[in-house]
Amino acid sequence: MTHPRQRASDQPDDKVTHEQQATNLTKPGSSDYASAQISENTTPIFGDGLVGINKDGIITFINNTACKLTGWRQNKAENQSFEKIFKLSGDSSESLNLKLIRHIIKSGHLIAPLAQQVIKTRDNKELYIDFSISPLDANTAILMFHQLEKDQLNKNHPLLYQINYDPLTRLSNRETLQKKITQLHQNHKKKKQSFSILLMDLDRFKFINERYGRETGDQLLQLIAQRIQFIIRETDTIGRWAGEEFLCILPDADPDVATIVADRLHHCINEQGFYLNEREIFLTVSIGIASYPVDGITPEKLLSTADATLYHAKHNGRNQVYSSKGLNGNIFSIGTQLENALNNHQLVPVYQPIFDIQSGNQVAEEALARIQDEDSNLIEAGKFIDAAIQLQLIHRIDDQVIRQTISRCCINASANRTNFPHFVNISADFLRRPELIKSIIEFSRNEFANYGLNERKDKPLVIEITEQELLHDVNEVKKLLQPFIEFGCELAIDDFGSGYSSLTYLADLPISYLKFDGALIKRVAYEDRARKIINGIQKLAESLELITIAEHIEDQATLDVLQELGVSWGQGYISARPAR
Ligand code: C2E
Ligand code: MG
Ligand code: MG
């Protein structure tokens, strides 16, 4: 692995590329502009100074920001005594000293961030800093520091810091990252140049918190933040995006370079444990890459691509790097097509009849989303639903399909043609938006009133929730579904048997319909075990007085077995394909 101390070149020269860095990791850089005149800086230098100090008090490495802040050149500062470079102001309350550094190396404990200190720069000007020190290995500690303005010293929460930085990790916070991406986008748009972002999520971090306690979790985040800072270039920005998510901005990096950096970050976290409170903790990270302009031409698109690639990295087993190249089915062209369809009324539902297995009569129907392309061909939901979830467009699909289905219910009911249940599929993303649910219910009320229908009686909307889509906290699901339940909608569990924890949902939610997983139904006539499973679930459903529905019925043999097992309703190509 790349050891953090094998710091990538410290040269501030923008011409040092990531490719050079990637092949040149152990080559120490020499700083030409380390002697920047700190005393003439009226505005603080942003970014963190990073300095490695061994237990003899010798500086083993120093980054460019630290050089700029202290006024020392890198080649002069390295191998020097820490006390020579970090001259203290002479105040008796000083906390940054060798004794403390030795204690940290020995004990393996971090000191809390944001301790403050006045030091003297090379030309004897006072520099106000806040700092943290953490152990790197058995011989070295890392001093990480940040310039404060004079009037910020001794304030518990320096305003500037609070606004721009995450107080725990001392990295840029989400707002700062967002601003930076917008700025970079504006610059690069003019220059037609690439840049990339990496969204990193620590795998199963929840368990670290549960196992070692929150305090250790927080300290670990600080160590990870520092390790990442040693790997990236100083012109790159790393920040805390959310809880255990970091976002790294790589100016000028195209997709290939971004992949090199992402792989390096992946290795640096995965391959070496973190020493904390006399323990070595190992963890892994998933990383999603998005590059401008190929993966998105606006900051919002770029971020949603990074979300999508990260989602893939996580859902394909975690502990890996994903870029848009790795996504199959070209999610981005699907995304564009989907957005056009949503904006131009070309997202339309089709309806598939649901019939009574004993009598063969139609008893209900299910609405399924379709994109209507320029040639009026209908594209099946199966081809775009995953992309819609990843690109966070699924709630808009649900919204449009449900509204059109409600209008169809009203037309059918008022013409006295049909008044049977209309099943609609609903995503977790839609459920998490109470404002959309409220608006759907209002729309529904108005439509029923317009058609002179009895709101209590003619309200045949059934909400299908997919097992995989179900959120993990049953109480939360119940709360989110409540407005629909109060409005009188019934609930169905879709694809039962394909996911997990659905039995709890059956126990805790007012479910009326249970739809068997189609893949299992296809095997029921041909595999004894599949038949036994369906039989078992059927008995369970009967005891709960649920109506069961078998999907994907394609042939007579399957229908016969389902009839024999007593499954209530059916749906599939044997009866009818979904149609408008
Ligand atoms: P689902 O809700 O389980 O819908 C059944 C799927 O099986 C549909 O595919 C339907 O066209 C297909 N199907 C019906 N009969 C047969 C059959 O006999 N054999 C086979 N092999 N397939 C059959 P579709 O329309 O491509 O939808 C796929 C999935 O996408 C749906 O599975 C549902 O989970 C999701 N979906 C569809 N429309 C929406 C929507 O409006 N909102 C949300 N959130 N999800 C939707
Ligand atoms: Mg369904
Ligand atoms: Mg289904």
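The values are calculated or read from the model by the stated rules, or taken from the named source; none is laboratory data. Only a predicted model underlies this, so the values are computations on that prediction, with no experimental measurement involved. No Cβ is skipped: glycine too gets one built from the backbone with ideal geometry, and neighbour counts run over all protein chains shown. Side chains are part of the model used for accessible areas, which takes the heavy atoms of the whole protein and leaves out ligands, DNA and RNA. Shrake-Rupley method; radii C 1.70, N 1.55, O 1.52, S 1.80 Å.
Residues in the stretch 529-552 that are open to solvent by less than 70 Å² (accessible area, probe 1.4 Å) and over 17 Å from Y351 (Cβ atoms): A530, I534, N535, G536, I537, Q538, L540, A541, L546, I547, T548, A550. Filtering Y351, Y311 for residues that are farther than 25 Å from I197 by Cβ, of a type in the set (S, T, Y), surrounded by 15 or more Cβ atoms within 10 Å (Cβ to Cβ) and touching a residue at least 60 places away in the same chain (Cβ under 8 Å) leaves a single hit, Y351. Of all residues in the stretch 495-507, none satisfies being within 16 Å of ligand 3 (Cβ to nearest atom), at pLDDT 95 or above, outside any helix (DSSP H, G or I) and more than 24 Å from the chain's Cα centre (by Cα).
Mind counting the residues in the stretch 423-432 that are open to solvent by 30 Å² or more (accessible area, probe 1.4 Å) and either more than 27 Å from the chain's Cα centre (by Cα) or modelled with pLDDT under 95 (or both)? Full working, then the answer.
Step one: filter the stretch 423-432 for residues open to solvent by 30 Å² or more (accessible area, probe 1.4 Å), giving 425, 429, 432.
When the remaining residues are screened for being either more than 27 Å from the chain's Cα centre (by Cα) or modelled with pLDDT under 95 (or both), the result is 429, 432.
Within the stretch 423-432, residues that are open to solvent by 30 Å² or more (accessible area, probe 1.4 Å) and either more than 27 Å from the chain's Cα centre (by Cα) or modelled with pLDDT under 95 (or both) number 2.
Of the residues contained in the stretch 354-369, none is found to be within 16 Å of ligand 3 (Cβ to nearest atom), outside the structural domain of S427 (by TED's automatic domain parsing) and among the β-branched types (V, I, T). Within the stretch 245-265, one or more residues are more than 19 Å from the chain's Cα centre (by Cα) and of a type in the set (G, A, S). Residues that are more than 17 Å from Q352 (Cα to Cα) and of a type outside the set (S, T, Y) were ranked within the stretch 412-422; the one that is surrounded by the most Cβ atoms within 10 Å (Cβ to Cβ) is A413.
If you go through the stretch 400-411, how many residues are open to solvent by 20 Å² or more (accessible area, probe 1.4 Å) and either within 19 Å of I334 (Cβ to Cβ) or assigned to a strand (DSSP E or B) (or both)?
Step one: filter the stretch 400-411 for residues open to solvent by 20 Å² or more (accessible area, probe 1.4 Å), giving 400, 403-404, 407-408, 411.
If we keep only those that are either within 19 Å of I334 (Cβ to Cβ) or assigned to a strand (DSSP E or B) (or both) too, we end up with 400.
Count: 1.
Pairs are defined by a Cβ separation below 6 Å, a sequence spacing of at least 6 or placement on different chains, a first member in the stretch 171-192 that is in contact (Cβ under 8 Å) with a residue 12 or more places away in the chain and open to solvent by less than 80 Å² (accessible area, probe 1.4 Å), and a second member that is in a loop (DSSP other than H, G, I, E, B) and of a type outside the set (V, I, T); the pairs so defined are N173/D166. In the set K68, K55, only one residue is surrounded by fewer than 17 Cβ atoms within 10 Å (Cβ to Cβ), of a type outside the set (G, A, S) and at pLDDT 75 or above; that residue is K55.
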